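Colleague: Take a look at this one; I'll ask things after.
Taken together, the values in this text are just the output of simple stated rules run on the coordinates, not laboratory data. Predicted model only: the values in this text are computed from it and were never measured. Note that we place each Cβ from the backbone using ideal geometry, even for glycine, and neighbour counts take in every protein chain shown.
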């Protein structure tokens, strides 16, 4: 009951508060201008991620305080405040671009604070024969993972609806994992809180993002901005870390079949943004450019070039991620992490060459019809 109401509250706040927020942005001309790499037309309100955060924070805090499994109110408050710091960084970046160095420094500090709260990668759970990691190495790996995931999510936020649908896919499967594999109320060893804590996070995030998507669907009336992409990206990274740690410690099973991949299966929940970012970085390096240089070769740019709309592109990329997640969960029932690495490599190659073949075929067809 609490989960259903939490979803409704988060969705309602996001859905109802977004129109007045858009009007405020338009009134004070806090708008995202088209041009350059930006493919929208005219001026569009941004920083919609602030409403997403507020909807999540209110729904989560309200019902977390009422859950008998969640007794430490200070953990709840500190958790929300730390994400408020991420949101503030995003607002500052949206209002007046932060330098990459300053942005990276803040991300490292926030990542360190999450580690200090014991939300971190504690070990490899048998991968390469490694169990528990030294604390200093755990901090480094966790912070690096958070930064990679957050920035990969930021890069996938390029067209109407895509960032929201990708996030929904991740939180939906993590919610299913929490409900049907872990189960609410289970206390997690050496983790931040009970599984009820994280299930409530997933439900609240799903509600807040779905409310936002109503106004971000083509033609978008509002964008997430860095305010939203950093918040959601950090949340995805934290949820993946917690799930990896729980599965590594408890060795969960699905339909009485053990999940043999302790860690890497959860990376596949976020496969498309990570795979596309790696593809783009390698492409830039091969062309003698910085991997961080700006261009239009991300997956959404390629689909738009072949004539697909924002709507179709967002639906296709979400469908790709959903299919890959389902396949990866099935594979995780048979492959341990050391062999799962080969599976991830194969999936990345299939993604890269499959995308290249598809785009070339579509572009050739377009030329033939001219």
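Colleague: Rounded to the nearest 0.05, what FRET efficiency do residue 99 and residue 43 give with R0 = 25 Å and r taken as the Cβ-Cβ distance? Could you check?
Modeller: Plugging the Cβ-Cβ distance into 1/(1 + (r/R0)^6) gives 0.50.
Colleague: Oh, and also: Please work out how much length the chain gains when fully extended from residue 109 to residue 359, using 0.36 nm per residue of separation minus the C-alpha to C-alpha distance, in nm with one decimal.
Modeller: 86.0 nm
Colleague: What length, rounded to one decimal in nm, is gained on full extension from residue 88 through to residue 281, with 0.36 nm per residue of separation minus their alpha-carbon distance?
Modeller: Value of the extension gain: 66.7 nm.
Colleague: Going by average Cβ density within 10 Å per residue, which order do the peptides 47-59, 264-276, 241-253, 348-360 take, highest to lowest?
Modeller: 47-59, 264-276, 241-253, 348-360
Colleague: Here are a few candidate values for Cα extents along the principal axes in Å: [x] 60, 48, 39; [y] 61, 52, 35; [z] 67, 50, 38. Which one was actually calculated from the structure I just gave you?
Modeller: [x]
Colleague: Please find, in a Gaussian network model of the chain (springs between Cα atoms separated by less than 10 Å), the residue of 347, 257, 224 whose mean-square fluctuation is greatest.
Modeller: Its mean-square fluctuation being the largest, the pick is 257.
Colleague: Relative contact order for the chain: what is it in percent, counting Cα pairs under 8 Å that are at least 6 residues apart?
Modeller: This gives 23 percent for the chain.
Colleague: Another question about this same structure. Over segment 72-194, what relative contact order in percent results from Cα pairs under 8 Å that are six or more residues apart?
Modeller: Computed value for segment 72-194: 18 percent relative contact order.
Colleague: Hey, fewest Cβ within 10 Å first, where do 197, 124 land in order?
Modeller: Ranking 197, 124 by Cβ neighbours within 10 Å, fewest first, gives 124, 197.
Colleague: Starting with the fewest neighbours, write out 313, 306 ranked by other beta-carbon atoms found within 10 Å of each beta-carbon.
Modeller: 306, 313
Colleague: Kindly work out what percent of the DSSP beta bridges joining two residues of the chain are antiparallel, to the nearest 5.
Modeller: That works out to approximately 90 percent antiparallel.
Colleague: Right, another one. Report the extension gain between residue 253 and residue 4 in nm, rounded to one decimal, defined as 0.36 nm multiplied by the number of residues separating them, less their alpha carbon distance.
Modeller: 87.1 nm
Colleague: Can you classify segment 40-142 as rounded, prolate or oblate using the Cα gyration tensor, where a ≥ b ≥ c are the square roots of its eigenvalues, rounded means a/c under 1.5, and otherwise it's prolate if a/b beats b/c and oblate if not?
Modeller: oblate
Colleague: When the helices in the chain are scored as -39500 (n - 2.57) per DSSP H run of 4 or longer and the sum is shared across all residues, what 222 nm value do you end up with, to the nearest 500 deg cm²/dmol?
Modeller: -23000 deg cm²/dmol
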